[in-house]
Amino acid sequence: MSQLLGMNAAIRGLACVAVVALVWVGAGSACAGEVEARSAASLSARYEALRDQLSNNAFRRPLYLESSELPDAVSGDVFAIVDFPFSAVEAALNGPAQWCDILLLHLNTKFCRVSTAGPGHVLNVGIGRKYEQPPDKAYRVDFAYRVVADTPNYLKVRLDADTGPLSTRNYRIALEAIPLESGRSFIHLTYSYAYGLAGRLALQTYLGTVGSRKVGFTVVGTQSDGKPRHVGGLRGVVERNSMRYYLAIEAFLGAISVSPPARFEKRLHDWFDAVERYPLQLHEMERSDYLAMKRKEYLRQQADLGAATRFALLD
């Protein structure tokens, strides 16, 4: 009897794995709900395991960051407590247009537009250099936007792109969240990408020149002067960008309480203030230069959206 029960459990588990594909296109089932429940439970267990690190760390906030490097890929993960109820987090981060507003805060994002692809949405993102740059000079990355799970106690959103700049590929930005006590939420952000030989050579060239002095957040040793030695290389790159994206999410959440006309400016100032808390890793430009660059990008994007709307009305 116990063997039969074990076989039934195994078959049920395999069936639940198979149904994940249906969840991605919006189909619902009891099995899909079971998968989501396990995902929420897994994130809750991670929160419990990270309690000490969230309370005591060099970030001076309830945040934990980790990264990994494989022969052909890197990944960064940020776990953090945010002072917003889950209902507010779910409403704010569940929508492609909201994610365009988040991504645009990043220094390298030159534009972000939402388009449709069949039943889903795509974020057409322009990735460029960390200074003002015409949109036609940016590298276009198309992120497929998917809401993997959306329940009263668990949210998971994914952005996936097959290709990226410098011959990189398989980009993923994933966000999952659960409610906590006292009206707070626990979120987990993943940022990862892969690369082939051409991509590795391009990244190594960057790390050997303008990126040679840049570091990440993970402490990997001690320098001769007794100061901590932080991780460099590709792990340093993915840690910096993971933090930039997380701080963009935090800035976006922090602006939802102000009037809509004031939200963009608040997001800009809050994001810049946040990255400047970590100047060793994240400082790239002065506030005035960042604000001027982002305001121009935002106005240009709004003009493009207005033109697209007018053409759609005429069609």
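The values are calculated or read from the model by the stated rules, or taken from the named source; none is laboratory data. Keep in mind that what you see is a predicted model, and the values were worked out from it rather than measured. Every residue, glycine as well, gets a Cβ built from its backbone with ideal geometry; the counts of neighbours run over all protein chains shown. Note: accessible area is taken over every heavy atom of the protein model, side chains too, but ligands, DNA and RNA are not part of it. Shrake-Rupley method; radii C 1.70, N 1.55, O 1.52, S 1.80 Å.
Under a 5 Å amide H cut-off, with hydrogens placed 1.01 Å from N, V220 pairs with R229, H230, V231 among residues at least 5 apart or on other chains. Rounded to whole numbers, the Karplus 3J(HN,Hα) couplings from phi for the range 178-195 are 9, x, 10, 5, 6, x, 10, 9, 10, 10, 10, 10, 10, 10, 8, 7, 10, 7 Hz, using 6.51 cos²θ - 1.76 cosθ + 1.60 with θ = phi - 60°, and x at Gly and Pro. At R0 = 51 Å, how high is the FRET efficiency between R172 and S224 if r is their beta carbon distance? Nearest 0.05 is fine. Efficiency at R0 = 51 Å is approximately 0.85. Sequence-ordered 3J(HN,Hα) estimates for the range 114-126 from the Karplus curve with 6.51, -1.76 and 1.60 and θ = phi - 60° stand at 9, 10, 10, 9, x, x, x, 10, 10, 9, 8, 10, x Hz, glycine and proline given as x.
Between amide H atoms placed 1.01 Å from N, distances below 5 Å from R169 occur with G164, A194, Y195, all of them 5 or more places distant or on a separate chain. Entry comment: accessible area of the chain is 50 Å² per residue, from protein heavy atoms only and a probe of 1.4 Å. Within the accessible area of the chain, the carbon and sulfur atoms contribute 57%, probe 1.4 Å, all protein chains present. For the chain, hydrophobic long helices are taken as DSSP H runs at least 20 Å long by C-alpha position along their axis with mean Kyte-Doolittle hydropathy of -1.0 or more; these are 2-24, 30-49, 233-254, 260-275, 287-314. Rounded to the nearest 20, the size of the Cβ-charge dipole of the range 157-315 about its Cα centre is 280 debye, with Lys and Arg at +1 and Asp and Glu at -1. Ranking L203, I102, S115 by Cα position along the charge dipole of the chain, where only Lys, Arg, Asp and Glu carry charges on their C-beta atoms, puts L203 farthest toward the positive end.
Amide H contacts of L180 (H built 1.01 Å from N, in plane; Pro and chain starts excluded): F86, S185, F186 sit under 5 Å, all sequence-distant by 5 or more or on other chains. Among the listed pairs K156/K266; K156/K294; K137/K227, give every one whose C-alpha distance is greater than 31 Å. K137/K227, as the Cα separations exceed 31 Å there. Positive-end ranking of Y290, Y64, I256 along the dipole of the chain, with charges on Cβ about the Cα centre, is headed by Y290. Computed over the chain, the per-residue total of -39500 (n - 2.57) for DSSP H runs of n ≥ 4 gives a 222 nm mean residue ellipticity of -15000 deg cm²/dmol, rounded to 500.
For percent of Cα pairs over 26 Å apart, the candidate list reads [x] 60; [y] 44; [z] 51; the entry that matches the value derived from this model is [z]. Charged side chains reduced to their Cβ positions (Lys and Arg at +1, Asp and Glu at -1) give the chain a dipole of some 620 debye around its Cα centre. If you take the Cα centroid of the range 221-287 and the Cα centroid of the range 47-104, the two points sit 12 Å apart. Taking Cα centre as origin and charging only the Cβ of basic (Lys, Arg, +1) and acidic (Asp, Glu, -1) residues, the dipole magnitude of the range 105-167 rounds to 160 debye.
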